[in-house]
Amino acid sequence: MEAVQNLLMGFSVALTPMNLLMAFVGSILGTLIGVLPGIGPAAGSAMLIPLTFSMDPTGAIIMLTALFYGTQYGGTITSVLLNVPGEAASVVTCLDGYQMAKQGRAGVALSVAAVGSFIGGTFATICLVFAAGPLSRWALEFGPVEFFSLLLLGISLLMGLAGKSMIKALMMGVFGLALAMVGTDPTKGVPRFTFGVMELLDGIGFIPIIMGLFGLAELLENAEKSLAQTVLAKMSSLIPTRQDVRDSAGAIVRGSLIGTALGLIPGITNSASSFLAYIAERKSSKHPERFGTGMIQGVAGPETANNAHANGALIPLFTLGIPASPTIAVIMGAFLMHGLIPGPFLFKEHPALAWGVIASFCIGNVMLLILNLPLIGMWVKVLKIPYGILCAVIMGFLILGSYSVSNSAFDILVMTIFGVIGYLLRKLEFPLAPVVLTLILGPMMERSLKQSLEISQGSFLIFLKSPLAVVFLVLTALVLLLPSLKFFRRSKEAISGEEPV
Amino acid sequence: MLRIHQVSALLFMAASGYMMWEAWELEYYTPVGPGAGFFPFWLGVILGAMSLIWLVQLSRPAGKPEEGRFLPDFKGRIQIAATIAALVLTALLLDLLGFQLTMFLFLIFMLLFLGKQPIWMSLIISAIGSVGVFYVFGKFLDVRLPLSSLSLLNKLGL
Amino acid sequence: MVKKRYSVGAIAIVCAMFGFMVASPAWTADFPEKGKTVTLIIPQEAGGAPDVGGRLLASGLEKELGVPVVVVNKPGASTQIGLSQLVKSKPDGYTFAAVTFPTSLSYLDPKRKAGYDRKNFQPLGMHVLDANVIAVKYDSPYKSIKDLVAAAKKAPKTVTASVGVRNDDHFTALQFEKAAGIQFAHVTFPGGMAPALVQVVAGKIDVFCGNVGDMRSVVKNNQVRILGVLDDERSQFFPDAPTMEEQGYKIYMSSSRGYVLPAGTPKPVVDVLANAIKKVLSSDDHKKRIADMTLALRYMSPEQFGKHWEDFEAQIIELSKLIKD
């Protein structure tokens, strides 16, 4: 049990008062940056790197990594309370979390999210300690070919997000894909649907879109009535009932597995992870139709998954020394700037630091849990603020959030336009979740398809040469075909006179 | 209500037409797979087809939307329009007047005129939300929100 | 009505109050005036190497100039958003920007409608030259550039190489192909080298076209081997890796980062800033920080940097002809 010994050694490093303090500071800052819309984990850590120069490297890395995974806790808060996603990964939490808040169950949603986040993050850390080797081999299985097939499976699950009308869900899925086309084509760099606007050359910003579609659209809908209405939601419990615990236990387990597994795959964003966890919950629930009305699983699953993802994504950095995503590249930069080179050699050259940082992940997650649970009582008081004030504050949040993603006033316009679109779509009873899903997966899909075909120089057979890809493709086919079989059986029954369609 | 749904379906079809037309200008297929215009074109086709199905569904009794007012009452419409206008103005004025002044005016408008809050409350919240946020972002996050590009205001530190 | 007038008055008072608080009576003729702020526009996202390098410079400049130097990230459209803003700003020295070549040469592509060109800028100095490399997985059958060329010649368009869209990695591949008379299968990774490097380490892609700056951890951990560096001298970080020149291919490419002012900035102001930058870059602390990032510090004066820019532009125009549309 060398791993246990190493971990114990790590704890002896991480538990020194200075390093505990660093983990604590990182956790607080991470939570705050998570709450602030627009400034994400990458930008947050980047701004702090220069401040860490004078620090001891172990402490500095502990603080920066704590900040990174801490943002995943903070992002939940605004999603649940205000329907404003604080981070990209928390969009999906809006769907059921905000409904829970409206029913006076915001405290329950936040508690479950915090506990789920803790379990997810800790699970991924345990994986890093005990199974890093095999897991990073799994990460390296994913080339563009496997990646594309996996995304195809993800998109085919879109059907699972349909509410009353399948056609409306599909239309929204296509709408999201169409939005993903704006920008430049991923292989030649040809401008596409940019209307000659330079700001659109990199595509429409994801954060401004979701802030508009969710946050602003909700506000506009409320503005139909008087904005001077008293309060948004009544308050009841903070503590989950036994039923809540039972409902969310399975979701947390599934979220941990999904988040860790997807976090390992280079290139999958944590918003994709949380979305797929949400779909998994819907698929495995006995009442998929109740999702979107405040189901606790719809908060527990995704919130667990995005934390598991954040910690899981650090695994390839430690085992291989390669950054799996731009955010991880920033963390890697922090290592390098302290003269440390992440990767297997780190464990040989600086074992105390490597294991100390890993042990600090466990400590940081505990701290975040302890930090977040008592704060929930304070956060939910936000809902007691008269709506006339709250709505101005939310608007300020939306402006600041969409602006500060890339310091561009143009993004405020984008947010406003999508607010109006979202408002109209809601009135027309279109579901918004499929837009976001395809908007997340669309660009990755087009890119990986083109990369696959560039490798094979145009031959689609490449997708049949990879066993893993074949598995995903077969699963996709099953997902697409099974419901239609059911549909045919049902229409046959209908024809035989049971009930009209 | 039905009419609005039908118009929306037609709008979606118009959007799909635009996509196909625009995509046609781009390269459709390359020796190594789909070109820049391939996906936009087919997405346009699918969106058009689906909008058509929706339109047909609407005309059948089972697909009729529920009756009810689509647009809110006059007061609601004014509030929504004012909110949107305020946001657009904010976006346009932000770089000109600077963050502090623009945000202050925006918050005052929202609180005082739409939220009907007492004036002292509005002033305090607006000051915190504008000047306070500016300093917090600048001091603690190293993010500088924009200053005014008018030299007069700029000299005042706004 | 009364209420309304009330509020307008209140706003005026509050505004005036803040005015008094911040306004300062400074009026020195010299640049930079006390109490003013110098803004450094970084046209890339926070956290990347250009951003970190720029922030290091900014903190050094603060001490050198004695006024605050604030970094503002204006990412987007291959640095076009930030650079357009610089071009529009007043040429008084209080706003300057970072550029990264060849990314910032996107104005050469007419489709991107940049609305500015080299003449709209006043070069201020070069900071970093991150040379390009051609690298393979550590256990790749290609032990040298010679092996690679032989394999690519035998079966054109089967050896895969990671490239970006019209970036230095892309031009590296194009240049090498032309010089060696070979053709790779280009696999495009828009938006950053990290995903491409992962694929090379995973063995899904044969050749990595990237920069010296990406190589520190993967070389150290024996994941990747550098076959050639596209520079006229060996990299200080990897003295064992031969240059392409040594192996018979006179090709050179890099990601070069420097600083620019809007054109028309008065000469004395340019000199003050350029000298301050030179001083910061020659400090030991700065040198160490940049080296820790695996970046090669290469200072150039405004004139030298202008020349470098001109040469780079000519090279890119030439290489762009090799991109088939």
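Being open to solvent by 10 Å² or more (accessible area, probe 1.4 Å) and under 24 Å from C:Thr158 (Cα atoms) is the filter here, so list the residues in the range C:225-249 that pass it. Scanning the range C:225-249 gives C:Arg225, C:Ile226, C:Gln247, C:Gly248, C:Tyr249. Of all residues in the range C:198-208, those satisfying the criterion of being in contact with a strand residue (DSSP E or B) (Cβ under 6 Å, 6 or more places away or on another chain) and either more than 10 Å from chain A (Cβ to nearest Cβ) or open to solvent by less than 30 Å² (accessible area, probe 1.4 Å) (or both) are C:Val200, C:Ile205, C:Val207, C:Phe208.
Only residues that are touching a Phe, Trp or Tyr at 6+ places or on another chain (Cβ under 8 Å), within 9 Å of chain B (Cβ to nearest Cβ) and open to solvent by less than 20 Å² (accessible area, probe 1.4 Å) were counted in the range A:406-433, giving 3. Please work out if A:Glu199 is in a helix (DSSP H, G or I) and either away from chain C (no Cβ under 14 Å) or free of Cβ contacts under 8 Å to residues at least 24 places away in the same chain (or both). No. Does the range A:301-314 include one or more residues that are at negative phi, open to solvent by 20 Å² or more (accessible area, probe 1.4 Å) and not hydrophobic (A, V, I, L, M, F, W, C)? Within the range A:301-314, none of the residues are at negative phi, open to solvent by 20 Å² or more (accessible area, probe 1.4 Å) and not hydrophobic (A, V, I, L, M, F, W, C).
Report yes if some residue within the range A:57-67 is closer than 30 Å to A:Met395 by Cβ and surrounded by 18 or more Cβ atoms within 10 Å (Cβ to Cβ); otherwise report no. Yes, the range A:57-67 contains a residue that is closer than 30 Å to A:Met395 by Cβ and surrounded by 18 or more Cβ atoms within 10 Å (Cβ to Cβ). The residue that is least open to solvent (accessible area, probe 1.4 Å), among those in the range B:54-89 that are among the basic types (Lys, Arg) and farther than 21 Å from B:Phe113 by Cβ, is B:Lys64.
Filtering the range A:262-287 down to residues that are not in a helix (DSSP H, G or I) and not β-branched (Val, Ile, Thr), which residue is surrounded by the most Cβ atoms within 10 Å (Cβ to Cβ)?
Keep residues of the range A:262-287 that are not in a helix (DSSP H, G or I), which gives A:265-269, A:285-287.
From what's left, not β-branched (Val, Ile, Thr): A:266-267, A:285-287.
Working: A:Pro266: 25, A:Gly267: 19, A:Ser285: 18, A:Lys286: 5, A:His287: 10.
Selected residue: A:Pro266.
Looking only at residues in the range C:81-115 that are in contact (Cβ under 8 Å) with a residue 40 or more places away in the chain and in a loop (DSSP other than H, G, I, E, B), the one that is nearest to A:Asp202 (Cα to Cα) is C:Asp109.
Among the numbered conditions (1) assigned to a helix (DSSP H, G or I); (2) open to solvent by less than 20 Å² (accessible area, probe 1.4 Å), the only one that C:Ser140 does not meet is (1).
Please specify each residue of the range A:451-485 satisfying the condition of being touching a strand residue (DSSP E or B) at 6+ places or on another chain (Cβ under 6 Å) and assigned to a helix (DSSP H, G or I). Working first, answer last.
Quick first cut of the range A:451-485, residues touching a strand residue (DSSP E or B) at 6+ places or on another chain (Cβ under 6 Å) only: A:451, A:453-455, A:457-458.
Residues satisfying the conditions are A:Gln451, A:Leu453, A:Glu454, A:Ile455.
A search for C-beta distances below 6 Å between a residue of the range B:66-94 that is aromatic (Phe, Trp, Tyr) and any residue that is open to solvent by less than 100 Å² (accessible area, probe 1.4 Å), counting only pairs 6+ apart in sequence or on different chains, returns B:Phe70/B:Met1; B:Phe70/B:Ile4. In summary, A:Asn365 fulfils each of the numbered conditions (1) surrounded by fewer than 19 Cβ atoms within 10 Å (Cβ to Cβ); (2) modelled with pLDDT of 85 or more with the single exception of condition (1).
Surrounded by fewer than 20 Cβ atoms within 10 Å (Cβ to Cβ), away from chain A (no Cβ under 11 Å) and β-branched (Val, Ile, Thr), is that true of C:Val149?
The answer is no for C:Val149.
State all residues of the range B:125-148 that are more than 19 Å from C:Val69 (Cβ to Cβ), out of contact with any Gly (no Cβ under 7 Å at 6 or more places or on another chain) and either outside any helix (DSSP H, G or I) or more than 7 Å from every other protein chain (Cβ to nearest Cβ) (or both); if no residue qualifies, say none. Steps first, answer last, please.
Pass one, the range B:125-148, residues more than 19 Å from C:Val69 (Cβ to Cβ): B:125-133, B:136, B:148.
Now narrow it down to the ones that are out of contact with any Gly (no Cβ under 7 Å at 6 or more places or on another chain): B:125-128, B:130-133, B:136.
Across the range B:125-148, the qualifying residues are B:Ser126, B:Ile128, B:Ser130, B:Gly132, B:Val136.
Mind checking which residues of the range B:19-33 are in a helix (DSSP H, G or I) and more than 9 Å from chain A (Cβ to nearest Cβ)? Write out each step before concluding.
To start, the set of residues in the range B:19-33 that are in a helix (DSSP H, G or I) comprises B:19-24.
B:Met20, B:Trp21, B:Trp24 - these are the residues of the range B:19-33 that are in a helix (DSSP H, G or I) and more than 9 Å from chain A (Cβ to nearest Cβ).
Taking the numbered list (1) surrounded by 17 or more Cβ atoms within 10 Å (Cβ to Cβ); (2) in contact with a helix residue (DSSP H, G or I) (Cβ under 6 Å, 6 or more places away or on another chain) in turn, C:Lys279 passes all entries but (1).
Report yes if some residue within the range C:282-290 is within 30 Å of C:Leu174 (Cβ to Cβ) and either in a helix (DSSP H, G or I) or within 14 Å of chain A (Cβ to nearest Cβ) (or both); otherwise report no.
Yes: the range C:282-290 contains one or more residues that are within 30 Å of C:Leu174 (Cβ to Cβ) and either in a helix (DSSP H, G or I) or within 14 Å of chain A (Cβ to nearest Cβ) (or both).
Taken over the range B:45-64, residues that are under 26 Å from the mean Cα position of the chain (by Cα) and either farther than 21 Å from A:Met166 by Cα or facing chain A (nearest Cβ under 8 Å) (or both) amount to 5. Sort through A:Ala106, A:Ala178 and tell me the only one that's away from every other protein chain (no Cβ under 13 Å) and at pLDDT 85 or above. None of the other options fit; the residue is A:Ala106. Taking the numbered list (1) more than 13 Å from every other protein chain (Cβ to nearest Cβ); (2) more than 29 Å from A:Val84 (Cα to Cα); (3) crowded, with 22+ Cβ neighbours inside 10 Å; (4) of a type outside the set (A, V, I, L, M) in turn, A:Ser117 passes all entries but (2). Of all residues in the range A:5-32, exactly one satisfies the criterion of being open to solvent by less than 10 Å² (accessible area, probe 1.4 Å), under 23 Å from B:Phe137 (Cβ atoms) and either touching a Phe, Trp or Tyr at 6+ places or on another chain (Cβ under 6 Å) or within 11 Å of another protein chain (Cβ to nearest Cβ) (or both), namely A:Thr31. From the list A:Leu453, A:Leu437, the lone residue that is open to solvent by less than 10 Å² (accessible area, probe 1.4 Å) and within 9 Å of another protein chain (Cβ to nearest Cβ) is A:Leu453.
Sort out which residues of the range A:49-98 are of a type in the set (D, E, K, R) and part of a helix (DSSP H, G or I), and write them in order of number. Lay out the reasoning, then the answer.
Of the range A:49-98, the ones of a type in the set (D, E, K, R) are A:56, A:87, A:96.
Passing the criteria: only A:Asp96.
Being at pLDDT below 90, assigned to a helix (DSSP H, G or I) and farther than 26 Å from B:Leu150 by Cβ: is that true of B:Leu71 here? Working first, answer last.
Values: at pLDDT below 90: yes; assigned to a helix (DSSP H, G or I): no; farther than 26 Å from B:Leu150 by Cβ: yes.
Criteria not met by B:Leu71.
Within the bounds of the range A:383-405, is there any residue that is touching a His at 6+ places or on another chain (Cβ under 9 Å), within 14 Å of chain B (Cβ to nearest Cβ) and not charged (D, E, K, R)? No, because not a single residue in the range A:383-405 is touching a His at 6+ places or on another chain (Cβ under 9 Å), within 14 Å of chain B (Cβ to nearest Cβ) and not charged (D, E, K, R). The residues on offer are C:Lys90, C:Lys74, and the sole one that is over 21 Å from C:Gln304 (Cα atoms), among the basic types (Lys, Arg) and modelled with pLDDT under 90 is C:Lys90.
Entry remark, the range B:105-124: residues being assigned to a helix (DSSP H, G or I), over 24 Å from the mean Cα position of the chain (by Cα) and surrounded by fewer than 23 Cβ atoms within 10 Å (Cβ to Cβ) number 5 in total.
The values are calculated or read from the model by the stated rules, or taken from the named source; none is laboratory data. None of the values given here were measured: they were computed from a predicted structure. Backbone-built Cβ (ideal geometry, glycine too); neighbour counts: all protein chains shown. These area figures cover heavy atoms from the full protein model, side chains too; ligands, DNA and RNA do not enter into them. Shrake-Rupley method; radii C 1.70, N 1.55, O 1.52, S 1.80 Å.
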